[in-house]
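The structure under discussion appears below in the form of C-alpha cells.
Derivation of every value follows stated rules applied to the coordinates shown; laboratory data play no part. Values in this document were obtained by computation on a predicted structure and should not be read as measured data. Don't worry about glycine lacking a Cβ; one is built from the backbone with ideal geometry, like all the others, and counts go over all protein chains shown.
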Amino acid sequence: MWIRKLPLLPTIVTLLCVVIMFGLGIWQLERKAQKDIRLMQIEERQSNRPYKLEELVFERGVNINSNNDTNNNTSDSKNLDIQDFPVSFVGTAQLENLFFIDNKIVSGRTGYQVVVPVATLDKDIVLANLGWLRGNGIRGQLPLISDNLRSELTERSAQFTGVVSYPSINAMVSETNTAFGQFPALLQQTDMAQMKQHLRAAGLLSQGKLYPFIVNLTPDESSEFIRNWQPVVMSPEKHLGYAVQWFGLGIAALTIYLLSLMKLFQTKNNKEN
C-alpha cells in the first residue's frame, strides 16, 4: 500500500505543522469575528446619551455589594453587559488616594495612567481613569498633579463623564505593591482586587462599596492628561492578515512536502528501473 511507503518522521512533522498552522488561522478568524462584534457593540452603545451611573447599574442588574477580593476583573457576565456604555455621575475626587498604573507608553514615551477614587453622594467609590501622564524620567519618582487640576477636582462635588471599562488582568504580571493603604500607590496593572485592598486599608470603603469597574473619562483637549482610549487594541483587519499568513504558511509547508515526496518516489522508481 502506498501509504506505507511514506517517510514516517517527515510525514508526521509536516502534518503536525500544517494542522497547527491551519488551527492558528482559524483562531485568528474567530478573533476577527469577535472584534467585529465588539466594535459594533461599542458603536451602538456609545451612540446613546450618557446614562446616569446608578440608572445603568440598576437597569443592568450589576451587583456592587460583592466582597470577593479575588475578582479577575471580567468574571461576571452580568457586569460585562454594561461595558462600553457612556455614563455620568457626581462625586468628589479623592486626590490624596491616587493610583499610578506603571509602564504605559504613548507615542514612544513612557508614563502612567492615573486612576482616582471618586466618592459618590451615596458614599460609594467609583474608580475614574484620568488618563495618561508623562513620567519625569526618574524611575520610582511619580509625576506631580498640577495645581490647576487639583483645584478643578477638589471642589465639593464635580460632574464626571466617561465610558465603563473592565480592565483585563495579565496573569504574567505579578503585583509587588503590598503596602496597602499607602498613597500614591504605584501598581503594575489595573487590578481591581488590589485596588480594593488599598482603598479598604485607607478607610475609603468604611461607609460604602466599590463599583466593580473603571470609568475612562471623556477626552478633553484642555486636560493635561492624554485620553486616547483603545478598547480594541488590534483591529479585525490585522487578525484577518494574520489568518491569511498562517493559511499561506500551512499551504506552503504542505506543497513543499508533496513536491519532496514526488521527487523521492521519482528517484526510487528510476533506481528500480
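The angle between the Cα long axis of helix 192-201 and the longest principal axis of the Cα atoms of the chain comes to about 30 degrees, rounded to the nearest 10.
For region 202-273, which GluC sites (Glu not before Pro) are both in a DSSP coil and crowded by at most 12 other Cβ atoms within 10 Å? Within region 202-273, the qualifying GluC sites (Glu not before Pro) (loop, at most 12 other Cβ atoms within 10 Å) are Glu221.
Mean sequence separation of contacting Cα pairs (under 8 Å, at least six apart), scaled by the length of the chain, corresponds to a relative contact order of 26 percent. Holding the Cα-Cα limit at 27 Å, pick out from Lys32/Lys104; Lys238/Lys263; Lys35/Lys196; Lys32/Lys196; Lys52/Lys104; Lys104/Lys196 the pairs that are longer than that. Over 27 Å apart, Cα to Cα: Lys238/Lys263; Lys35/Lys196; Lys32/Lys196; Lys52/Lys104. Taking Cα atoms only, the orientation of helix 8-46 departs from the longest principal axis of the chain by about 30 degrees. With each label modelled as a point 7 angstrom along the Cα→C-beta vector, the Gln34-Trp229 pair spans 2.1 nm. In the chain, the DSSP-assigned H stretches of four residues or longer account for a calculated mean residue ellipticity at 222 nm of -13000 deg cm²/dmol, using -39500 (n - 2.57) per stretch and the full residue count as denominator.
Within the listed set Leu53, Leu217, Leu259, the residue fluctuating most in the Gaussian network model of the chain (springs between alpha-carbon atoms under 10 angstrom) is Leu259.
By how many degrees, between 0 and 90 and to the nearest 10, does the Cα long axis of helix 236-272 differ from the longest principal axis of the chain? The angle comes out at about 20 degrees.
Amide H to amide H distances under 5 Å link Leu98 with Ala185, where only residues 5 or more positions off or on other chains count and H is placed in the peptide plane.
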